[in-house]
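Read the figures in this text as sums done on the coordinates, not as results from a lab. This structure is a prediction, so every number in the text was calculated from the model and none was measured. Positions of Cβ are backbone-derived with ideal geometry, glycine not excepted, and every protein chain shown enters the neighbour counts.
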Amino acid sequence: MQLPTRPVATAAAAAVSGALLLRHELKERQTAERVAGAALESLLKAIDANDPQTGVHVRRVASYALVLADAADLDEHVRHAIERVALFHDIGKIHEALFDITHERHRLSAAERRAIATHPQRGADVLAPLSAFYPDLPDGVLAHHERWDGTGYPRRLKGRRIPLTARVVAIADTFDAITHGRRYRDPRSAETARDLILQGRATQFDPDLVDLFAFPPVFARILATARTVAQWPPRMRARRRDREQDEDEVPDISFRWRPPRSAARGRPAADRAHRTAR
């Protein structure tokens, strides 16, 4: 048997060394991604602990945003990005400088409104360290109060310069704000919320997304989701995984934040309501 020549043996050794290095780098990347996923879950738990009402609000917004994203036939990567932006769009309001203002029971003064308008930037700053893993997240949170006509804040972005994640979340956030009201304003009907969103077509909101939101079959799914999330308890807990996680599997917060079926008083989870309402 002829032994490999030195060049061939050297090349083989180099290939083995390269494969080992690649595997090592992959394992390090997976470990880092697991840490990033755990960080998101910790942030969501922090929202729940500090402000349960906001914790339920962001979950409702995520549920509506996913209905709209699914109706728009967006791919899985974009749906997950939208979901994350929805879940963390108000994290900036947990800041100590804003917390008391957001819990006032009177109409906000001009100074208080200016302070609240800083929450997208504060939220983006909190999430910036995770941008290597979720590059769409800080930008989407920063832009969720931009307006289609360019009069929003904080950067006065216009039209399609506004990230798609933020355009979807803006509609879902407005729908939830109207239907759940504020301490100084009573909630209004889903139909009223739809009509007000239609009034903001091409001024406040992306016109194509508004048309899709108001399209009767899609709005029927929104209503079905609204009935489900109305049963959620005021303090939320992350849902436990149904199976053990493989050591090489990178956790994703997606679809792990809804309450278990028992917490919804017997109603199916929101994602199941989306499917059955089609």
Highest to lowest packing among 108-117, 129-138, scored as the average C-beta count within 10 Å:
129-138, 108-117
How much FRET efficiency would the formula 1/(1 + (r/R0)^6) give for ALA32 and GLN121, where r is the Cβ-Cβ distance and R0 is 41 Å, rounded to 0.05?
0.95
The exposure ranking of LEU87, LEU212, fewest beta-carbon neighbours within 10 Å first, is LEU212, LEU87
What are the chymotrypsin sites (Phe, Trp or Tyr not before Pro) within the range 170-214 that DSSP puts in a loop, where the Cβ has at most 15 other Cβ atoms within 10 Å?
TYR184
